[in-house]
Each structure stands twice: as structure tokens, then as C-alpha cells.
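Undergrad: I'd like to ask you about the structure that follows.
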Amino acid sequence: MATSTGGNAFMGTGVVGVSGGLAQFRDPAPGGELRRFSRWIITSPSAGPLALGTAPVVRVLRDDRVATLEMDYNADSPWGQFWSVGADGRSDAGFRVTWWPDGASPAAMVSMGACGGCHGACGRAMVPGEEVARTLVTPSRRVQLQPLANQATYHVRVERLNALGEVTSLPTEMTFAGGDETRVTALRAAMTYFDDFNLPEGPADEKLWNNAHSTSTDPRYNLFFINSQFHAHTLNGTQTSGPHVGDKSQTAQRFRKPILLETGVRRRIVFDMDSPMSPRSVWYLDLNPIARDLTGHADFFDEDGVKGLPAGVVRMRSQGQIFSVHLIGDDGASHKVASVDMEAAGVQVIPNVRRAFDVRLGTDGVEVFIDGKRVINQSFGGATVRPGAYEFLWSSIGYNTTKDNNPYFLLHWDNFGFDGPVVDPRVVHNYVTQIAGDDYQKSNRWSSTFPTFTVRIPDDSRPVAANATAEAWLVCTYQQGDFSPFSLRAGDHVLVNGVSYPLPARVNNSTPGDPALLDWGGSPDTARIKLGDIVQDGVSPLRVGDNTVQFFADNIGISNVHLEIFYPPGSAPAYTPPAAIHHFPMHAELPQLGPPARLAFIGNVEISAASAAIEAPEVIHAISGTTRIEVIAGGDPWAGWAPDLMVTPARSAELWSSGGTAGIRSVELFMRPKGGGVGTSKRIAVLTTQRDGPAPLVRHAFEVDTRTFANGEYELFVLATAANGAKSHPLYDNSAARWDSTEWSGAYYPVNIRITN
């Protein structure tokens, strides 16, 4: 049985056989008898064999451990390459892609699961000679095959699928030489710092990266990890209920090595990245003149002149198909200096398909290349960037993402690096309170609340080299998390293992200093407190074991508490990274959201995503006789007046949250008396879509004979099931706000009908 909030649930009876056009169902109760219901409709396979169309046109683009496939794809003019899907389901709706190393059998396929591999389904990397083939189903025309062994022989087969999961084309079969490390090897040699994330599945290198989140971030969806495909992910979701205020979530990664910008020199910054396609999601790559774990510039809309802290920032921004460059002046005001529509420029964004960004940044201007194509070449004019050292901060921002029907979203990135001199050669050992969840606590005098945080350090923190001096720092985030004003008074302090240190004021680096930029406390600020120097065989302010950190403040919110120890080169002792101390959550542990599904038409009346969510339950649709009920699953049409044009890349929380689609194996239509309970739900029609493979998208019209039902008011709803067993979520506006993400898969939103025969 699947349940949902508010009593909306369906009885999960299942088909066990079809005989003479009648469906047979097993009563889900223990010992339930086998029953036959002649009024229930089973949509049989399409009549007559399909004439196979021409084979897809496929292009293979190789890179380190990955190959990008372009399938029937117009790279120079990709907009509008929608699937035109007829209501009979026989129209093309996507592709089935199968690939295998030389010597393996394509018959023994392993599905890449709900994510094209990003949901933990892909397991370990394939190696040459391994006898396994992998397959994915996708409505996208551009996908990446990963992980691949470099310079090894692989075979790939691409076939088109229709909305019934039937193969509709001759196959295209190609042989290619696996991954190609040439570009990444050259970058590694040219960059001063370069991280290719070629690590085992789990955490990134803690000596290079710091992860932090804001109070509005759902603590379940604050993740930064490397998957088994050797690239990194940032995951973010907005917390819409609970104790904290605000609607802009933030998950941010600070690179621990700064870059030096100098007059007359263009620094090179490289990264492979996709872009969030849910409208309320955005990423920033900021170059900050001060070290920050989170940005205070989370306005999201980035309107010209909007102010925040820190000041003096260079920002690169990506949302949907738009990539832009912004300068945040000394007064803290942001101004866009250049932008490009990547789709119009022939470098269309597709979720989970990374493109190579190559930025040439100076104090006087910027050039940006994407996949080798120059898309921005802009002088800064009079708004020059100050020379100096800058700290990198990746930020993903979600603006109440559940309004996108998107509880959480992924960003996929790889191969980050930059050139220039070494600014800080020290090695950082970082220790945290926890990885999973949230360590937020309030300190305030009025209630005598003085919270204690515990940071476990299993290592001796003293340097191992003579004459080397390490520095120990306490770092945390100030952010209220409620509507009370930030208040720090003289004498406010923190005890670290019983030793008192004054709490620093929030940092305002604007020029001239603008006190209005220090708001009531809703914007995050990073506090850094030096605890002391550490020498070989000396006394350390940090213990081996549990370190206690207790805050005594008038009224402040505190989170992201961690301890950083800076060591001169060659002096760092043994290091136990946080993931070896605390539970490290992975993407596979998160709730799968399943494919989207909804009613599209009842008769000739459109059931739009907006109208069903806003008008129901007041709107009742009167039907009689044999009525056409159209459903869609796996995606969304371009518009109600063009219901056959299914958008690609699909607009889907399944895609945004997992990086891919599992494909759809069945679509079911349910009905129950209005106001009826769980046991009154009846399945009145089912479409089996997994014919040759699961369907990438579904648009289907059921013909329902209402005369087999008594007149009266009913609730009608649709459920789809993915090939991996995940149940659909409702594709109606704001439906993600009606259920927690753990309950969304398998939930439904009914549309009211009245049978009037």
C-alpha cells in the first residue's frame, strides 16, 4: 500500500494475469482470492507490427572516463527539438542506449536506474573485458556514458523508443575507444591547482574543499559528494517547514586555495558543469576577496544594483540556459556585465551532461569559452576588479524549490582548476561537528541558552617537522534562522576546551562602510577565530578526542561549526578526514521521486497543471457514456494547445533530482467515490508500457465506458510506475508542497468527476 498526506492513497492491487480481455487481480489482503472484473480496462499492445524507421544519427564525443552521445541532435540549433507524441503512444518519445566493453555480451544488460547512474545504481566502473552491458532510457537527445576506461574498446547501440516502450527504429551500432584523457591531462599540467575528482565514491578531498549550508537548506539535502562515475555533485533542497525562516536554501563549497588576480594578467579558470533546469535553482562561482563559507548574495534574481556582502566579488552565474558574469562593487551592489543564452549559442544545457567551461579572467575583463566556443568577450570598462587574492566559493541556491515541484536538485561538475602563483602553500586539516543533518543552535541571554558543540579530532594536531608552526582556527556561520535581531555584545565569547576567546563582529568589507548591509541576521556570515599556534612537542588548544565549543552570546544563531588547522608544507601529521568519523550520506539514501504523472484531458476539457492544483476540489467535470481520459507521464507538454509536443530535456523533478530517468513500465488510472477511503480506490484502466523497454515519456488516451459505474461523484487520478519500481509523483503546480518528499512518490492528486448517464 502506498500512502500520502491527507488520506490520499491507493490500494495497490496488482495484475497477475490477463485472460480473454479480462484483468485478474489479487486481493492484497493475506489469503486474498483471485478476482475478475470485466469493467476494468486493460490497454493491449498496439495493433500490428511497427515498421522500423531509419537508424538514429549518433555522434560520440570522448573525454576523460566519459563519452557524450548526441542522438538525432542539432547541436547548432537545439531549441524546439521536442518529441511529437500522439495519444496512441506509437510516436517516438526517446531512446534506449546500450553500451558494453569489447568481449562482453549486450544481452546481459544492467539498468543504470533512475539517474543514468547518479543515484548509486551504476556500481563500480566498467573495465575492459568485464562481461556486463549497461542500458539507459532517456527522452534527452544528449547523454553521457560513464564511467568508462580510457582508451579501451566499447560498443554502443542506440534505438528510438515510442511512448509504449516499443523499439521504432533500426539500431545504430558503433565502436569507440572509451574515454580520452588528453584534455584533462593537459589541464592537469597547466593548472596550479586541479581536482579531477577521480576518487572512489564518497567524499571529496577534505584538504581542498569545505562544505556548508544555510538555515533554509533542508538538512537532508545538504550534500557534496563524488559518485562512482568520478565526478562531483552538489545537492540542495529548500526547507519549507520547521523552525527556520527564509525561502532561499544554499549549499556551498569553498575551495581552500586562493587565486591571485594581477593587473595585466588573465588568469585561467576551468570547470566542467551542467546547469540547474528547474526555474527556482541557480549556481554561482564566486571569487571573494575574503574567506566565506556561504555567500550573503543569495537574492537569486540578481537584479541590477541589489546589495549584499561580501563586497568586491567576481561572480559567474548559471540558471537554465543563461550563463552570466557579474561584478559586485566595493559598495556591495551587483551588476551584470555579460551574459549568453547557451541554447542559442549552440551549447544547450541538458541536466547531467557536463560542458567544459574555460574562463580567462583579468582585472579588466573576461572571456568565456564553452566546449571550445567563445561565448563571452567583455571588457569591464571603468568597473575594474581590484588586484589581489580571491577565495573560490561554489554556491547552489534554491528559491523555495518545492514550488517547482522539486524537493531537491543535483548539480554535476568535474575538473575544476586554475593557474597562477601559489598564494598559500599550507595544508589544511578540517574537523566538523557532523556531516549528515544540521548542527544549528541558538545562543541567547534571555533564556540562558549557551549551546555546546562537539568536534571530534582523533589525530595529534601538532606538526611533525621541527621549527614548523601550525595555526588552529575555529570557524562557524552566524545566521539567525528566525526573525529575532542579531545581537552581539561586549564580553560575548566562546569557550574552546575551557579557554575563552572573544566572539568577533560580523565582517562588513564594503567601501565606504554601509551598515545597512548587516541586516537583522538573516544573511549568513562567516566568523573566524584564531585559537593559537601549535609547534612540534608543544601545547595545542585542541585535544585528541572530543573538543567542546560553547558559545555565550546575546542573541545569535550558529551553524557549520568546524576546526581548521593550517600546516606549513611538509609538517602535517596524520589526518583522519571527517567522513571516517561521521556518517557520510549518499544520494542513494535519499527518497526517489519517481516519474511525474497527471491527467491532461477529460473529454475535450484540458486539465492543466495549474487549474487542477488551484481549482480542485471545487471543480467537478461531468462525463457520460464512453469518455476519453488522457494522461501524461515522464514529462510535460510544451503547452495545453500543443499537447503532443513533449518538452526535451524533460521538465521533471525525477530528472533534476536524480540526473536521469528510469523509464516507465506502466500507467494506471484509478477512481473512487468522492470522499472515499483507501479501500474504495479502484483501478479502472492500465497501460503496460514496457514492451521492448520502459517508455521514456508517455502520452495516452484511455477510453472509459462510464456506463459500467453508478451515477454519482468520483475522484479520478493517475499513477505511473518506473522500471525500477518507483511510483510517480503528481505533476500539478505546488503538489510538492502538499507532501513531504518521503511521501511524494506514490502520492496522487485527484480530479473530481460526476458520472451522469
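Undergrad: Which ones in the range 152-175 are over 30 Å from the mean Cα position of the chain (by Cα), more than 12 Å from GLY53 (Cα to Cα) and not charged (D, E, K, R)?
TA: Correct list: ALA152, THR153, MET174, THR175.
Undergrad: Residues that are in contact with a helix residue (DSSP H, G or I) (Cβ under 9 Å, 6 or more places away or on another chain) and among the polar types (S, T, N, Q): does the range 548-565 have at least one?
TA: no
Undergrad: Is it true that some residue in the range 332-344 is surrounded by 22 or more Cβ atoms within 10 Å (Cβ to Cβ), in a strand (DSSP E or B) and not small (Gly, Ala, Ser)?
TA: No, every residue in the range 332-344 fails to be surrounded by 22 or more Cβ atoms within 10 Å (Cβ to Cβ), in a strand (DSSP E or B) and not small (Gly, Ala, Ser).
Undergrad: Examine the range 485-503 for a residue that is buried (at least 17 other Cβ atoms within 10 Å of the Cβ), modelled with pLDDT of 95 or more and more than 26 Å from ASN444 (Cα to Cα), and state whether such a residue exists.
TA: no
Undergrad: Additional query: Against the conditions (1) surrounded by fewer than 22 Cβ atoms within 10 Å (Cβ to Cβ); (2) hydroxyl-bearing (Ser, Thr, Tyr); (3) within 16 Å of SER523 (Cα to Cα), where does THR263 fall short? Just the number, please.
TA: Unmet condition: (3).
Undergrad: For CYS476, which of the numbered conditions (1) of a type outside the set (Ser, Thr, Tyr); (2) modelled with pLDDT under 95; (3) under 16 Å from GLY296 (Cβ atoms) fails to hold?
TA: (2)
Undergrad: Further question on the same structure: If you go through the range 590-602 one residue at a time, do you hit one that is more than 28 Å from the chain's Cα centre (by Cα) and modelled with pLDDT of 90 or more?
TA: Checking the range 590-602: at least one residue is more than 28 Å from the chain's Cα centre (by Cα) and modelled with pLDDT of 90 or more.
Undergrad: In this structure, is PHE323 within 24 Å of the chain's Cα centre (by Cα) and surrounded by 24 or more Cβ atoms within 10 Å (Cβ to Cβ)?
TA: So PHE323 fits the description; yes.
Undergrad: Here's a follow-up. Among strands (runs of 3 or more DSSP E) lying entirely in the range 161-264, which contain 1 or more residues that are modelled with pLDDT of 95 or more, hydroxyl-bearing (Ser, Thr, Tyr) and within 30 Å of TRP83 (Cβ to Cβ)?
TA: Correct list: 172-178, 232-236.
Undergrad: Assuming GLU131 fulfils every condition listed in (1) closer than 30 Å to LEU645 by Cβ; (2) at pLDDT below 95 apart from one, which condition is it?
TA: Result: GLU131 passes all but (1).
Undergrad: While we're looking at this one, here's another question. Name the residue that is farthest from ILE664 (Cα to Cα), counting only residues in the range 609-626 that are surrounded by 19 or more Cβ atoms within 10 Å (Cβ to Cβ) and touching a Ser or Thr at 6+ places or on another chain (Cβ under 8 Å).
TA: Across the range 609-626, the extreme among qualifying residues is ILE623.
Undergrad: Look through the range 475-484, keep the residues that are of a type outside the set (Ser, Thr, Tyr) and surrounded by 13 or more Cβ atoms within 10 Å (Cβ to Cβ), and return whichever of them is nearest to VAL428 (Cα to Cα).
TA: If we take residues in the range 475-484 being of a type outside the set (Ser, Thr, Tyr) and surrounded by 13 or more Cβ atoms within 10 Å (Cβ to Cβ), then VAL475 is nearest to VAL428 (Cα to Cα).
Undergrad: Further question: I need a count of the residues in the range 300-310 that are out of contact with any Leu (no Cβ under 8 Å at 6 or more places or on another chain) and of a type outside the set (Phe, Trp, Tyr).
TA: 6
Undergrad: How many of the residues in the range 340-365 are under 22 Å from ALA650 (Cα atoms) and among the charged types (D, E, K, R)?
TA: 4
Undergrad: Going through the range 394-413 one residue at a time, which ones are surrounded by fewer than 20 Cβ atoms within 10 Å (Cβ to Cβ) and of a type in the set (D, E, K, R)?
TA: The answer is LYS403, and nothing else.
Undergrad: Looking at the range 376-393, can you tell me whether even one residue there is in contact with a Ser or Thr (Cβ under 8 Å, 6 or more places away or on another chain), of a type in the set (Phe, Trp, Tyr), surrounded by 21 or more Cβ atoms within 10 Å (Cβ to Cβ) and in contact (Cβ under 8 Å) with a residue 24 or more places away in the chain?
TA: No; the residues of the range 376-393 include none that is in contact with a Ser or Thr (Cβ under 8 Å, 6 or more places away or on another chain), of a type in the set (Phe, Trp, Tyr), surrounded by 21 or more Cβ atoms within 10 Å (Cβ to Cβ) and in contact (Cβ under 8 Å) with a residue 24 or more places away in the chain.
Here is a yes/no grid of residues against (1) under 17 Å from PHE271 (Cβ atoms); (2) among the hydrophobic types (A, V, I, L, M, F, W, C):
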| residue | (1), (2) |
| --- | --- |
| LEU294 | no, yes |
| GLU303 | no, no |
| VAL325 | yes, yes |
| ILE328 | no, yes |
| ASP341 | no, no |
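Undergrad: Which numbered condition in (1) hydroxyl-bearing (Ser, Thr, Tyr); (2) modelled with pLDDT of 95 or more; (3) crowded, with 21+ Cβ neighbours inside 10 Å is the only one that TYR732 fails?
TA: (2)
Undergrad: Turning to a different aspect of this structure: Just checking, which of ASP358, ASP247, ASP272, ASP299 is within 28 Å of ARG142 (Cβ to Cβ), under 26 Å from the mean Cα position of the chain (by Cα) and surrounded by fewer than 22 Cβ atoms within 10 Å (Cβ to Cβ)?
TA: Just one listed residue meets the conditions, ASP358.
Undergrad: Looking only at residues that are free of Cβ contacts under 8 Å to residues at least 40 places away in the same chain and of a type in the set (Lys, Arg) in the range 310-364, which one is nearest to GLN146 (Cα to Cα)?
TA: ARG317
Undergrad: Sticking with this one: Mind checking which residues of the range 414-432 are out of contact with any His (no Cβ under 6 Å at 6 or more places or on another chain) and crowded, with 22+ Cβ neighbours inside 10 Å?
TA: Within the range 414-432, ASN415, PHE416, PHE418, HIS429, TYR431 meet the criteria.
Undergrad: Hey, PHE271 hits all of (1) closer than 28 Å to ASN734 by Cα; (2) modelled with pLDDT of 95 or more but one; which does it fall short on?
TA: (1)
Undergrad: Checking the conditions here, which among ARG354, ARG315 is in contact with a Leu (Cβ under 8 Å, 6 or more places away or on another chain), closer than 20 Å to SER395 by Cα and of a type in the set (D, E, K, R)?
TA: The conditions single out ARG315.
Undergrad: Let me ask another. Only strands (runs of 3 or more DSSP E) wholly contained in the range 488-606 count here; list those with 3 or more residues that are touching a residue at least 60 places away in the same chain (Cβ under 8 Å).
TA: Ranges flagged: 525-535, 545-552, 555-567, 596-602.
The values are calculated or read from the model by the stated rules, or taken from the named source; none is laboratory data. Nothing here was measured: the structure is a model prediction, and the numbers come from that model. Ideal geometry is used to build each Cβ from the backbone, glycine not excepted, and the neighbour counts take in all protein chains shown.
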